[in-house]
1. Residues that are among the charged types (D, E, K, R), modelled with pLDDT of 90 or more, open to solvent by 40 Å² or more (accessible area, probe 1.4 Å) and within 18 Å of the chain's Cα centre (by Cα): does segment 16-32 have at least one?
2. So V136 ticks every box in (1) loosely packed, with under 10 Cβ neighbours inside 10 Å; (2) under 27 Å from A23 (Cβ atoms) but one. Which box is left unticked?
3. Which numbered condition trips up L81, out of (1) under 22 Å from E55 (Cα atoms); (2) not in a helix (DSSP H, G or I)?
4. Restricting the search to segment 91-103, which residues are open to solvent by less than 60 Å² (accessible area, probe 1.4 Å), out of contact with any His (no Cβ under 9 Å at 6 or more places or on another chain) and not charged (D, E, K, R)?
5. Residues to consider are R115, R88; find the one that is surrounded by 14 or more Cβ atoms within 10 Å (Cβ to Cβ) and either over 29 Å from V40 (Cβ atoms) or charged (D, E, K, R) (or both).
6. Please count how many residues of segment 62-78 are crowded, with 16+ Cβ neighbours inside 10 Å and not in a helix (DSSP H, G or I).
7. If a residue must be of a type in the set (G, A, S), within 26 Å of R31 (Cα to Cα) and more than 19 Å from the chain's Cα centre (by Cα), how many such residues does segment 114-162 contain?
8. Determine whether R143 is without any contact (Cβ under 8 Å) to a residue 24 or more places away in the chain, more than 25 Å from L45 (Cβ to Cβ) and part of a helix (DSSP H, G or I).
Amino acid sequence: MTQFTDSDDDLLTFEAGAAVRTANLAVERMRAHGSQGRGVSAGALDLLIRLNGSEHGISIGELARTAGVSSRNATGLVDTLEHDGLVRRVPDPKDRRSVLAEITPAGRAWMEAFRRPSQLAMRAMFHGFTPEELVVLRDLCLRLAANQHRLADHLRQTGQQP
């Protein structure tokens, strides 16, 4: 990493970035392992979690935006979940040209069955962390994400690729 750095502060920044990537991969591997063992990809799980928190369904565009994926990707994930009986498309009562994705009773049952193993896995992943450390870690990660969003917005406004 020293080839990218000019100072100890730069080195620490790059090391922090590498640590965040490593931690993210570890959490995603655990998440993917748990969902794929139940026949749902990590991306589909993300949409299913979002839909489980909604009482009236969510548009494909909104699912894509909040999940950080393309509308095409979100459509494919909804197709898969719909094929599995976990999600259905329903008319949008506010816009008859649009449809919403809505979790089915089978989808809610799937989420309930997934809840307890997920709790156990996350407890194991964060074993040894104090509640205070978890709060700090959460807040630091959210600050990092906010910085990335600001940078991406700036790059878009200046005509550069984020």
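1. So far as segment 16-32 goes, yes, one or more of its residues are among the charged types (D, E, K, R), modelled with pLDDT of 90 or more, open to solvent by 40 Å² or more (accessible area, probe 1.4 Å) and within 18 Å of the chain's Cα centre (by Cα).
2. Status for V136: all satisfied but (1).
3. Evaluating L81 over (1) under 22 Å from E55 (Cα atoms); (2) not in a helix (DSSP H, G or I) leaves (2) as the failure.
4. Selection gives S98, A101, I103.
5. Numbers: R115 fails: surrounded by 14 or more Cβ atoms within 10 Å (Cβ to Cβ).
Answer to the selection: R88.
6. Selection size over segment 62-78: 1.
7. The initial filter retains those residues of segment 114-162 that are of a type in the set (G, A, S), namely 118, 121, 124, 128, 145-146, 152, 159.
Still in the list and also within 26 Å of R31 (Cα to Cα): 118, 121, 124, 128, 145-146.
Retained after the next criterion (residues that are more than 19 Å from the chain's Cα centre (by Cα)): 124, 128.
Residues flagged as of a type in the set (G, A, S), within 26 Å of R31 (Cα to Cα) and more than 19 Å from the chain's Cα centre (by Cα) within segment 114-162 amount to 2.
8. yes
The values are calculated or read from the model by the stated rules, or taken from the named source; none is laboratory data. Bear in mind that the values here come from a model prediction, so they are computed numbers and not experimental data. Ideal geometry is used to build each Cβ from the backbone, glycine not excepted, and the neighbour counts take in all protein chains shown. Keep in mind that these areas ignore ligands, DNA and RNA; they rest on the heavy atoms of the full protein, side chains included. Shrake-Rupley method; radii C 1.70, N 1.55, O 1.52, S 1.80 Å.
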